[in-house]
Amino acid sequence: MKKILCLFSALSMVLISSCSSDDSSESADAVLLPKKITETLVENGQSGSLTYTLSYDGNKLKDIAVSDASRSVYTYTGDLITKVELFRSGILFSTDVYAYEGTKLVSKITTRETNKNIQDKLTFVYNANGTVNANQSQINNKQEIKYDTTTLYTFSNGNMISSELIDGTLLEKITSTYDTNKSPFINITGLKLLLDLDNEFDFYSTNNNVKSVTLTYNEKGTVIQTATVETTYKYNSSNYATEVFAGNAKDSFKLEITY
């Protein structure tokens, strides 16, 4: 169950297996943006929660302030997100810089304030079959060291249906199925181009909502554990999620979303 709870936390805002309507009077064609998200995680009966407050400039995300005193600040170039700065208790902790060719993301470089001489880099390769490889490397004193580790992303209808972590052999695979309802993040400018690359908040379901997620762990090419998570959602009349729940009284994950 511990690994399943880690999956709950990592896949904030994207898990779903069934839905129902609440009493919201929003119109079916409303363009909504999430303003506040409360996340509650229960493990072995012990509950903890975080609140995320999102602010915007039009449909562009300005920042996400978290109740643990962390804050992510987003910078745009045109309609593309090109920088995300993470602050902890008001002090800059790390910076992610995104580069594009046209509207295709080609690299992400992460710099941590504790050691600016070492940077983590992801380079994106767009394959002929529509999949995308995110190849890992490290920049040490301006010299790039390339690794064998890559993540292979597979998409369908604009949704990420699988991600495979590969280091010589397949180490981990996440597969997802989707409904046709609107993701809470569908109207945020530039977000879907980032895949699931925001380190502090999971945006990878930016078109529709996930019905189920299966996480498979591998060791030397052999499956050693598989965990599947299904959740229930509540929606407003515009088909935007307002509540997410998975689990039971002992171990669970819940999100409450305000627009």
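Just a few scattered comments:
- Taking the accessible area of the range 45-129, probe 1.4 Å, and keeping the other protein chains in place, the carbon and sulfur fraction comes to 49%.
- Interatomic Cα distance distribution for the range 24-110, bins of 5 angstrom, percent: 3, 11, 17, 17, 18, 15, 11, 7, 2, 0
- Inter-site label distance for THR232 and TYR147 at 7 Å from Cα along Cβ, in nm: 4.0 nm
- A viscosity of 1.567 mPa s and a temperature of 4 °C, combined with the Kirkwood radius over Cα pairs in Stokes-Einstein, give a translational diffusion coefficient for the range 74-134 of 101 µm²/s.
- If the segment from ASN115 to SER55 were pulled out straight at 0.36 nm per residue, it would be longer than the present Cα-Cα gap by 18.6 nm.
- In this calculation the C-beta distance from GLN46 to GLN138 is compared with R0 = 25 Å, giving a FRET efficiency of 0.10.
- For the pair THR77 and LYS36 in one chain, pulling the backbone fully straight at 0.36 nm per residue adds 12.2 nm over the alpha carbon distance.
- Annotation: peptides 138-146, 93-101, 251-259, ranked by per-residue average of other Cβ atoms within 10 Å with the highest first, follow the order 251-259, 93-101, 138-146.
- Cross-link reach is defined here as a Cα-Cα straight distance under 25 Å, omitting same-chain residues fewer than 8 places apart; for LYS35 the lysines meeting it are LYS60, LYS62, LYS83, LYS182, LYS192, LYS211, LYS234, LYS254.
- A 1.4 Å probe run over the protein chains yields, for the range 125-259, 47 Å² of accessible area per residue, whole-number rounding.
The values are calculated or read from the model by the stated rules, or taken from the named source; none is laboratory data. What you see is a predicted model; the values in this text were computed from it and never measured. Glycine also receives a Cβ, built like all others from the backbone with ideal geometry; neighbour counts cover every protein chain displayed. Only protein heavy atoms, including side chains, enter the accessible area calculation; ligands, DNA and RNA are left aside. Shrake-Rupley method; radii C 1.70, N 1.55, O 1.52, S 1.80 Å.
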